[in-house]
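One structure is given below, encoded as structure tokens.
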């Protein structure tokens, strides 16, 4: 089970720059992740630069609970982000999702992740993620796997955070 908190500066400066800041909790650990703009190729393959590091769980939980104080966690990821966006003291949570994730190691460093994501408003989505070094080879392998399972492939057109932003906007009073 993963709990994900998405952060931004007031006014949405990071999202406007197509930069994502996430705090994730899973199995007694916490990670801060910054993702650059997602590039989407034909067939719904997303590629994005990712900078991630583990952070201390207790202060991370406290920051998530109150929706502020993430910058106080420190570390290289947040320092690099501060170099781009300036003072991060005003960071605030703009959205949350919960993933139930199952991982499968496929060899050659390739990992298949099946997610059941719960968004605000009780909206549930399923997604197949593949972490790999060669996206074209991965797509071929996954397509063959889905064909054998007689499963339909439907490319995703938005990242989870983009879907979350859309859902949050539609739920806003």
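For segment 54-73, the residues whose backbone nitrogen is under 20 Å from a point 7 Å from the Cα of residue 113, taken along Cα to Cβ, are 54-57, 60-61, 64. Given the -39500 (n - 2.57) contribution per DSSP H run of 4+ residues, what per-residue ellipticity at 222 nm results for the chain, rounded to the nearest 500 deg cm²/dmol? After summing the helix terms and dividing by residue count, I get -8500 deg cm²/dmol.
Between residue 157 and residue 29, full extension at 0.36 nm per residue minus the direct alpha carbon distance yields a gain of 43.1 nm. For the chain, the longest principal axis of the C-alpha atoms and the axis of helix 135-148 are separated by about 60°. The angle between the Cα long axis of helix 76-85 and the longest principal axis of the Cα atoms of the chain comes to about 70 degrees, rounded to the nearest 10. With N as its number of residues, segment 34-84 has a Cα radius of gyration that, divided by 2.2 N^0.38 Å, comes to 1.45. Compute the angle between helix 57-66 and the longest alpha-carbon principal axis of the chain, please, reported from 0 to 90 degrees and rounded to the nearest 10. Long axis of 57-66 versus the principal axis of the chain: about 80 degrees. Per the Debye formula on identical point scatterers at the alpha carbon atoms of segment 118-165, with no solvent, log10 I(q)/I(0) at q = 0.13, 0.26, 0.27, 0.33 Å⁻¹ is -0.41, -1.05, -1.08, -1.26. Mean-square fluctuation check for the chain, GNM, Cα pairs under 10 Å: which of 87, 115, 51 is largest? Fluctuation is largest for 87. Measuring between their Cα centroids, segment 130-161 and segment 108-129 lie 13 Å from each other.
Computed over segment 2-171, the P(r) curve from all C-alpha pair distances, binned at 5 Å from the origin, holds 1, 7, 16, 20, 20, 16, 11, 5, 3, 1, 0 percent per bin.
Bear in mind that the values in this text are calculations on the coordinates, not laboratory data. None of these values were measured; they are calculated from a predicted model. With ideal geometry, Cβ positions are generated from the backbone for all residues, glycine too; neighbour counts draw on all protein chains shown.
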